[in-house]
1. Rank B:LEU85, B:ILE192, B:PRO4 by how far each Cα sits towards the positive end of the charge dipole of chain B (+1 on Lys, Arg Cβ; -1 on Asp, Glu Cβ) and give me just the farthest.
2. Hey, got the average number of other protein chain Cβ atoms within 10 angstrom for residues in A:174-180?
3. Give the average, rounded to an integer, of partner chain Cβ atoms located within 10 angstrom of each Cβ in B:81-89.
4. For the pair A:ARG191 and B:GLU143, how long in nm is the line joining their label points, each one 7 Å along Cα→Cβ?
5. Per the helix-only calculation at 222 nm, which mean residue ellipticity applies to chain B, given -39500 (n - 2.57) for every DSSP H run of n ≥ 4 and division by its residues, nearest 500 deg cm²/dmol?
6. Report the label-to-label distance for A:ASP229 and A:GLU16 in nanometres (one decimal), using points 7 Å from each Cα along the Cα→Cβ vector.
7. Just how large is the dipole of the range B:1-133 about the Cα centre, in debye to the nearest 20, putting +1 at every Lys and Arg Cβ and -1 at every Asp and Glu Cβ?
8. Place a point 7 Å from Cα of A:ILE104 in the direction of its Cβ. Which residues in the range A:172-191 have their backbone N less than 15 Å from it?
Protein chains: 2
Amino acid sequence: MSVPHRYAQLADILIEDIGSGRYPVGDRLPTEHELCRQYELSRYTVRAALRRLIDLGVVSRRQGSGTRVVARYPVPRYVLSLSSLDDIVQHAREARLSVRKTSIVSADAKLARRLGCKTGKRWLRIEGLRSVEGQSEPISYTEIFVNSRYRGVRGLIDNASQAISAVIQEKYDEPIVAVNQEITAIAVSGRIAETLRLAPGAPALSIVRRYHDEAGEIVILSLSIHPADRFVYAMNITKQGSSFAATI
Amino acid sequence: MSVPHRYAQLADILIEDIGSGRYPVGDRLPTEHELCRQYELSRYTVRAALRRLIDLGVVSRRQGSGTRVVARYPVPRYVLSLSSLDDIVQHAREARLSVRKTSIVSADAKLARRLGCKTGKRWLRIEGLRSVEGQSEPISYTEIFVNSRYRGVRGLIDNASQAISAVIQEKYDEPIVAVNQEITAIAVSGRIAETLRLAPGAPALSIVRRYHDEAGEIVILSLSIHPADRFVYAMNITKQGSSFAATI
DNA sequence: AAGTGGTCTAGACCACTAA
DNA sequence: TAGTGGTCTAGACCACTTC
């Protein structure tokens, strides 16, 4: 048996107390000073215990204000970790976007709703096909709308091997802090079916991604349509602190 | 201007040194003692700096062994954080699985390949439909294969409001450490189309999830087929350390 | 056995928050 | 202005790795 560390013991006690309702969500935990006194521990040890509670997402702390209980149970955390935006757009590393058309568009009512902006707002619109080398059929039809604030990338994307998001991240000092992604199945028809050389009504994966900056504004919106048999969206999610991540 | 903290300054210096190649990936960083001496800092401050490098994924440390450089650049981390397995199976909280059939099956060649096991291995197979209250059509046809080691859940799942993964997590002391998920578009036909009351060839989202234990064995495999217009798979990914997570 | 990082103490000063 | 958490020092002992 390994020796239980004091900070780990204190953390366990506090987690137990929070779970039992002694410290309800929204209430404050005792101050560091008070915990030092109660459990006869140094401040260092108390802080180490509280750091564990923070890591578990059970409390939040603010200088001058105290330690607040924010969750009753330290839920096991499952994490999909991505090292770059390219990992979200999984294929970006191997697949190349061949641009078919670039234009400045003004948002009509329908587009404005999709992009979360006012009608009339101007966007850089890019339309193209994504392909991987050695495969004759494209893996997706893609439409990308870039916030006109970042229209400076226009000259950089033709024949760029990088994803547009990566170009923007580089040129504008990493503005993207969040990505929202919606995946649905659709039946493809009309012009897009023709472009992808699909029979009308063929099943496809539709992926809409919204890249947000810190203000919550959309930096990029991309819409990809992947024919059913040409694309699989795969992801691995591992439990926080598990060593499984490397092996899966 | 806020005062830069010493540990943050040291962390920046070390990140810079690693990026410049002074400490190549695979090499060791100077010891805590050495860094204390070089920069005239207390060990506490040096350790705070090194903790930052760990959080950034640039170094890893081992007691008795030292601090190893594991990455040249602190890549921006994007994280999809999930508080429970239920968040992976997004609908599990609102949707209920109505079990149509439960049986013990022996894996034939095709099933064995999908499950990553030997042919002949026995699994608990559950077939059902997922529905949400107040909606007449089911949102998915679902097949679930449970490793026979966990067959004890069989009696617990009929009419259970909990997801099967949650039941196993509870009964068997949280064996699941990783989940692999594959999303594709398919055209539905045959028996499944009938069951979902879909026209043959209708587009649908197919989601295959494999829940693994620490040994890498599959605990549960689930296959869900969601008719196109009844289901959207949505996820939010935020940059590590961003405050955006709460607002999106 | 020597050296590493992990834990822990007892102090100190400071920045921030709330009364 | 009192009290909170954040940073920092100078020590100490211990568990672990490497030789």
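1. Ranked along the dipole, the leading option is B:ILE192.
2. Counting other chains' Cβ atoms within 10 Å and averaging over A:174-180 gives 6.
3. Across B:81-89, the average partner-chain Cβ count within 10 Å equals 5.
4. If labels sit at A:ARG191 and B:GLU143, their model points lie 4.0 nm apart.
5. -7000 deg cm²/dmol
6. Each label point lies 7 Å from its Cα, and together they span 6.1 nm.
7. 900
8. Within reach of a label on A:ILE104: no residues.
Throughout, read-outs are computed from the coordinates displayed, never taken from laboratory work. Please read all numbers here as calculations on a predicted model, not as lab measurements. Counting neighbours? That spans all protein chains shown, and the Cβs are built from the backbone with ideal geometry, glycine included.
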